[in-house]
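A.B. asks: Submitted below is the structure of interest, expressed as C-alpha cells.
The values are calculated or read from the model by the stated rules, or taken from the named source; none is laboratory data. Predicted model, so just to flag it, every value in this text is computed and none were measured. FYI the Cβ positions are ideal-geometry reconstructions off the backbone, even for glycines, and counts take in every protein chain you see.
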Amino acid sequence: MTETDQVKPTQTGQAPHTSPASEGSHERLAEAQAFVTHHRYTHIILSDSVDIEYLSGFRSSNVHCLVTARKNILFSDFRYKEAALAFCKLSRTWKFSEIRESDFSFFRTFIPKGSVAAYQSDVLTVDQFATLRKILPDVKLVKLHQSFAGVLQPKTEPELQSLRQAAAIGDRAFDHVVRTVRAGMTEIDVARIIENRCRTLGSEKPSFDTIVLFGRRAALPHGQPSGVRLAAGDWVLCDFGCTVNGFCSDMTRTFVMGKASSRQKRIYDIVLRAQESGKNAVAAGVKACDVDARCRSVISKAGFGKQFGHATGHGVGRRIHESPRISKNDTTILRNKTVITIEPGIYIPSFGGVRIEDMVIVRDVGCEVMTHAPRTLIEAGGIR
C-alpha cells in the first residue's frame, strides 16, 4: 500500500492486555531511557497507544505514559485498572497510576516545576497541547525529537512471527484469487473474494481497505474498487493486507487477465527490475533514501520517472504505515529487524499501471523477504 499520510491507530476500546511487544520491550525501554538522558529531557510524555504498547507491551484504548531515566509510569482509567495493576506486577519496570480526570492534571504529581518534558507533537491536538501547557505552566514543554521513532522501529521476534503469519495468509489468498478470477467479475467482487479468503485463512481483519483495479484503472495508485467488469487483456492490480495479533501485512501484485501484450510485459519487467534493485539495496546501516534511489533509478532510466510519483515504501507493524518512509527525502538509517515495504510502480492513465510490493525485514546483511507470492508476470487464464 503506497504511503500518502501517516495513519494513526484506531481506538478500539478492546480490553487491554499484553501483546507480542512485551517480549523484547525491555530493550526498547532501556533505549528510550537513554534517549531521555541524551536529549537532556527529564521526562518523555507518550500519548500514542501503539507507541506505548511497543515500549511497554501493555495494550489499552486509553493510555498515556511517562518515561524518565529511572522510572516509568502508565496512566489509564478505572476500566483498565485491574489489568494495568496485573501488568505492572508482572513487568516490575512500570508503575500504574489511575486517571481520574481527562484534562492531563494527573501529570502534575509526576512532573515537577523546572522539568523539561518532551511530548508527541504529531499526536496531541492543538487543544490538547493548550491544556497540557495550562496544567504544567512551570514545565518546559518541547517537541519529542523525531529520531525517537527509531527506538520503536526494530521489531521483536514475537512481533516478527505475527507479521510473517499475516504475510503468509496474504500469499495464500492471492494464489486463490488468481485461480478464481473470471472475466465479467467486478473489482468489488474480487476485493470481496480476497477479504473473505484472508478471513477464512485466519486474518483478524483487513489491515486497510482492499484495492482491486482493472485495466486502465490500475493507473490509480489508491483507487477504490468499483463495479467495472473484468475483460480479457486487462491489468488486475491487487493491494491488500491481513492482521494477526494486531500486526499488519501489506502486499501488491499485478497480473493480466489472459494474454499479456508486449507493452504490458515491458512495463511489468521494468517495475520488477526496479523492485529487485530496491530489495537488493536493503540492509542495516543503509539510508532509506538510498533504497528509494535504487528503485527510482531503474524506472527513470527506462523513461518512466514521471510515472512513479509515490514513495518506494514505508514501515509496517501494528500500523499499516509506520516510520521509516522509504522516500527520496528520508535520511533515516535502517535498523536491523525493521519491517518495511518495497513497492515501486509505473502508472500510465491511458494504459493502466503496475505495482509490485513485498514486505521485508531489514537484516545486518541484506533483507528477509516476508511475502512470497509469485512476482513473475501471471497471465491468469494460462494457469488453470
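A.B. asks: Of all strands (runs of 3 or more DSSP E) completely enclosed by the stretch 331-380, which ones contain at least 3 residues that are touching a helix residue (DSSP H, G or I) at 6+ places or on another chain (Cβ under 7 Å) and more than 22 Å from Ser261 (Cα to Cα)? Walk me through it before giving the result.
C.D. replies: Working: elements: 339-342, 345-348, 352-355, 358-362, 367-369.
In the stretch 331-380, the matching strands (runs of 3 or more DSSP E) lie at 358-362.
A.B. asks: Could you tell me whether Ala274 is over 28 Å from Arg192 (Cβ atoms) and either surrounded by 24 or more Cβ atoms within 10 Å (Cβ to Cβ) or in contact with a His (Cβ under 9 Å, 6 or more places away or on another chain) (or both)? Quick ask: steps written out before the conclusion?
C.D. replies: Numbers: over 28 Å from Arg192 (Cβ atoms): yes; either surrounded by 24 or more Cβ atoms within 10 Å (Cβ to Cβ) or in contact with a His (Cβ under 9 Å, 6 or more places away or on another chain) (or both): yes.
Taking the combined requirement at face value, the residue satisfies it.
A.B. asks: Take the residues in the stretch 36-80 that are crowded, with 20+ Cβ neighbours inside 10 Å and in a loop (DSSP other than H, G, I, E, B), then tell me which one is nearest to the chain's Cα centre (by Cα).
C.D. replies: Only one residue fits best here, namely Asp48.
A.B. asks: Restricting to the stretch 20-35, name every residue that is surrounded by 18 or more Cβ atoms within 10 Å (Cβ to Cβ) and either at pLDDT 75 or above or aliphatic (A, V, I, L, M) (or both).
C.D. replies: Ala21, Arg28, Leu29, Ala32, Gln33, Phe35
A.B. asks: Here is a further query. Anything in the stretch 131-155 that is over 30 Å from Asp330 (Cα atoms) and either without any contact (Cβ under 8 Å) to a residue 24 or more places away in the chain or charged (D, E, K, R) (or both)? List them, or say none.
C.D. replies: As a first pass, look at the stretch 131-155 and keep what is over 30 Å from Asp330 (Cα atoms): 131-139.
Of everything in the stretch 131-155, those that are over 30 Å from Asp330 (Cα atoms) and either without any contact (Cβ under 8 Å) to a residue 24 or more places away in the chain or charged (D, E, K, R) (or both) turn out to be Arg133, Lys134, Pro137, Asp138.
A.B. asks: Does at least one position in the stretch 218-230 carry a residue that is basic (Lys, Arg), in contact with a strand residue (DSSP E or B) (Cβ under 9 Å, 6 or more places away or on another chain) and farther than 30 Å from Phe110 by Cα? It would help to see each step written out before you state the result.
C.D. replies: First, pick out the residues of the stretch 218-230 that are basic (Lys, Arg): 229.
Narrowing the set further to residues that are in contact with a strand residue (DSSP E or B) (Cβ under 9 Å, 6 or more places away or on another chain) leaves 229.
Still in the list and also farther than 30 Å from Phe110 by Cα: 229.
Scanning the stretch 218-230 turns up at least one residue that is basic (Lys, Arg), in contact with a strand residue (DSSP E or B) (Cβ under 9 Å, 6 or more places away or on another chain) and farther than 30 Å from Phe110 by Cα.
A.B. asks: Limited to the stretch 180-226, what total is found for residues that are in a loop (DSSP other than H, G, I, E, B) and without any contact (Cβ under 8 Å) to a residue 24 or more places away in the chain? So that I can check it myself, show each step before the final result.
C.D. replies: If we filter the stretch 180-226 for residues that are in a loop (DSSP other than H, G, I, E, B), which is where we start, we get 181-185, 201-210, 220-226.
With without any contact (Cβ under 8 Å) to a residue 24 or more places away in the chain added as a condition, the list becomes 209, 223-224.
Qualifying residue count, the stretch 180-226: 3.
A.B. asks: Something else: Would you please name the residue that is surrounded by the most Cβ atoms within 10 Å (Cβ to Cβ), looking only at residues in the stretch 281-307 that are touching a Gly at 6+ places or on another chain (Cβ under 6 Å) and not β-branched (Val, Ile, Thr)?
C.D. replies: This residue is Cys295.
A.B. asks: Kindly list, by first and then second residue, each pair from a residue in the stretch 266-282 that is touching a residue at least 24 places away in the same chain (Cβ under 8 Å) to a residue that is of a type in the set (Phe, Trp, Tyr), limited to pairs with Cβ atoms under 7 Å and residues at least 6 apart or on different chains.
C.D. replies: Close Cβ pairs satisfying both conditions: Ile270/Phe304.
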